[in-house]
Amino acid sequence: MSALLEIKNLHVSVADTEILKGLSLSVSAGEVHAIMGPNGSGKSTLSYVLAGRDGYEITNGDILLNGVSLKGMNPEDRAIAGLFLAFQYPLEIPGVTNMTFLKTSVNAVRRGRGEEEMDAASFLRFVREKAKALRLDDDMLKRPLNVGFSGGEKKRNEILQMSVLEPLMAILDETDSGLDIDALKTVAEGVNALRDTQRGMLVITHYQRLLDYIKPDIVHILAGGQIVKTGSAELALELEKSGYADYVGEVVA
Amino acid sequence: MTSFNHMQQEAKEIFAANGWPNKRNEDWHYTDLSARLPSSFQNQSLELSEDVRLDKLTCDIEDALQLDFINGLLTEVEELPDGLEISALIDHPELVQQSDEDVTDPLLYANLAHLETGIVIDVSQVIEEPMEIHFHNTSSEEASFVRIVFRLAEGASLTLLESHSGWGHTQLVSDVYQHEDSMLRHLRLHQAEDTQVSLLLNRVSLDARAQYHNVAISLSGGLGRLETRVTFNAPGSHAGLATALLSRGKQHIDITTRLNHLSADTTSDTVARTILDDEACGIFQGKVIVHQDAQRVEATQKSDALMLSADAMMNVKPELEIYADDVACAHGSAIGEIDHEALFFLRSRGIGEEAARIMLVEGFVSEILGRLDDFAAGAVLQENLLKRVATFLKKSA
Ligand SMILES: Nc1ncnc2c1ncn2[C@@H]1O[C@H](COP(=O)(O)OP(=O)(O)OP(=O)(O)O)[C@@H](O)[C@H]1O
Ligand SMILES: [Mg+2]
């Protein structure tokens, strides 16, 4: 069986500087992979290049989602194809309410997938239920998207977007950073609720803590633009104790 | 008392001698009218077909009182409710000129020299139904020269929905006198054809605790100058001026404000959001004057422009003249482009590029539309205007 997400020997340059230097990894449907790695190692770069952000040039290698190359595909079509990125730094959009944004997004994706759009009333019910599970109150839905949201609220709002879009492949970039213990649990519950045999997840984090709640099948260490080690959930525990020193050395050498 | 005819004759002579203002006039530096406008106008006879009536721009508010000016002439006036009265300006010569300055002010002498219709609207109580006033020119040969004086009695209030459409040239002077505790909510919607020239001057005089809320939306038109001058005569008076300008092609749109705080304890709040595409040119000239005895004045002024094209141009000229010491006045201005990170964020959620752009621009103007919350029929107006904005942006993209 072919993988849901397959990244093959990926080389990516940003502003003529090579950041990812031959990264390979593959996630099968139903699996949760974690990526850990030092600051500046290229984790967010990987997440952006997956989502199709401008300015991230693939100089070599390929990314396949369900066997289809994402190269040259625009961000909206990737979302329609089932890719979702929870941003490390979610954007604030003044003047556009969270609700309007969510509805536009869900209906755009549905249209793109040839499904019927949701009418206003059923969408409202649908979103409210998902928001409630993430302990985001109605007021958050009426406010402009992320404007004045606390760090933790922004992250929960990312998970809300994931819950309503029901992607095939979700990438979570440091969704745990800035969350208090309770919010971390809430977010993890939200993520776990979406774990299913059809869906893959790539969870980028610095902390073992998140992985206590979202148990990964596989852990990768990204350093210097490459995966330098792949292991089981135990690998994260090991890192917690000894840090990255061993792995960073390998790349430099 | 000088007669109306005498004042008009004088205005004609001044217009013949001075014509339209040009670059050398400081207030008209960015909007040179002499280069754009003919030196004489022919008042056309009024020929109206039903089609024309239907074609004009409306705010689509049911139960609104309607006043239509077609080619500068007031067509018909339906029965007015209690508390509203309309009379001819010619019978109120004392309202024609406020001061000696008026005699030499280009917008005022040009208006008076060519005046076709002048009316006085007296509002003596709270009027629930909004009043719609449409101005429409039926061809590029047509010109409208209109003056309306609004007088709001103590405690009176009115929602005024003014709209401009069509071709040719429109020059409107609105003089607003608000007595104590009165409230005027004034929407000005400008969506004329590409060749139209609109010179819209609003002069507002506020007594104690009087409130003037203006929301102006301009969606097109060849050349537009939306000028508002407010005089704060007594404590507690407040003016809020919110403007959204969307311009493309070779359009030229000028928003000029002059807020004259004569009295202590008065407040003003000016916000302008300008969106420019293609080779459009936008101007924001905002002047705040706080007189020596006008302590505790709060005046904020903010201009933000969103440039959708590298060939568009925005000029911002803020002026603060403050002679009192205990005041809180602030000016801020910013000129920027579409936020590419925000655009990527929206696209990563499946929203197509054009729709994402439109969403960001709508977000940019939504603060202005939000000011309609308290207007009679505010929700309908907002929805209607948002549609117009979206249509404008689709054509633009
Ligand atoms: N636009 C850019 N221009 C130049 N260099 C960039 C740009 N964006 C990222 N980089 C560089 O790429 C490297 C990887 O950055 P990236 O954000 O992917 O790291 P990260 O692993 O996500 O780090 P963190 O753990 O701090 O979030 C860094 O050295 C960063 O400075
Ligand atoms: Mg990062």
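Laboratory data are not the source of any read-out in this text; all were calculated from the coordinates shown. As the structure is a prediction and not an experimental result, all values here were calculated from the model. Every residue, glycine as well, gets a Cβ built from its backbone with ideal geometry; the counts of neighbours run over all protein chains shown.
Numbers at a glance
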item: Residues A:S242, A:S105, B:S87 arranged by fewest to most Cβ contacts within 10 Å; result: A:S242, B:S87, A:S105
item: Built amide H within the under 5 Å cut-off of B:V149, gap 5+; result: B:I119, B:V120, B:I121, B:D175
item: Rounded to whole Hz, the Karplus (6.51, -1.76, 1.60) HN-Hα couplings of the stretch B:263-270, x for glycine and proline; result: 10, 5, 6, 10, 9, 8, 8, 10
item: Fraction of alpha-carbon pairs over 50 Å apart in the protein assembly as shown - percent; result: 28 percent
item: Under 9 Å, Cβ to Cβ, from B:A328 - net charge with Lys/Arg +1 and Asp/Glu -1; result: -1
item: Long-range HN-HN contacts of A:L85 with modeled amide H, under 5 Å; result: A:I171
item: Size descriptor, Kirkwood hydrodynamic radius, that averages inverse alpha-carbon separations across the stretch B:246-397, Å; result: 17.1 Å
item: Dipole of chain B, positive end: most advanced residue of B:F145, B:I338, B:F4 [Cβ charges, Cα centre]; result: B:I338
item: Top of B:R248, B:R185, B:R349 by mean-square fluctuation, Gaussian network on chain B, Cα under 10 Å; result: B:R349
item: Radius of gyration, Dmax [chain A; alpha carbons; angstrom]; result: 17.9, 60
item: GNM top mover of A:A223, A:A120, A:A233 - chain A, alpha-carbon springs below 10 Å; result: A:A120
item: Largest to smallest principal axis extent of the C-alpha atoms in the stretch B:339-397, angstrom; result: 38, 21, 16
item: Rough spin-label spacing in nm, given labels placed 7 Å along Cα→Cβ, for B:E76 and A:S2; result: 7.1 nm
item: Rounded to whole Hz, the Karplus (6.51, -1.76, 1.60) HN-Hα couplings of the stretch B:221-232, x for glycine and proline; result: x, x, 10, x, 10, 10, 10, 10, 10, 10, 10, 9
item: Estimated 222 nm signal from helices in chain B, with DSSP H stretches of n ≥ 4 weighted -39500 (n - 2.57), rounded to 500; result: -6000 deg cm²/dmol
item: Dipole magnitude of the stretch A:5-252, debye to nearest 20 (Cβ charges: Lys/Arg +1, Asp/Glu -1, about Cα centre); result: 400 debye
item: Per residue convex hull volume, Cα atoms of the stretch A:1-64, in Å³; result: 81 Å³
item: Integer Hz, Karplus 6.51/-1.76/1.60 couplings in order for the stretch B:311-322, x for Gly and Pro; result: 8, 6, 9, 10, 10, 10, 10, x, 9, 10, 10, 10
item: Residue-averaged 222 nm ellipticity for chain A, from DSSP H runs of 4+ at -39500 (n - 2.57), nearest 500; result: -12000 deg cm²/dmol
item: Stokes-Einstein D (µm²/s) once Rh is taken as the Kirkwood radius of chain B over alpha-carbon pairs, at 20 °C in 1.002 mPa s; result: 100 µm²/s
item: Built amide H within the under 5 Å cut-off of B:T170, gap 5+; result: B:S144, B:V197, B:S198, B:L199
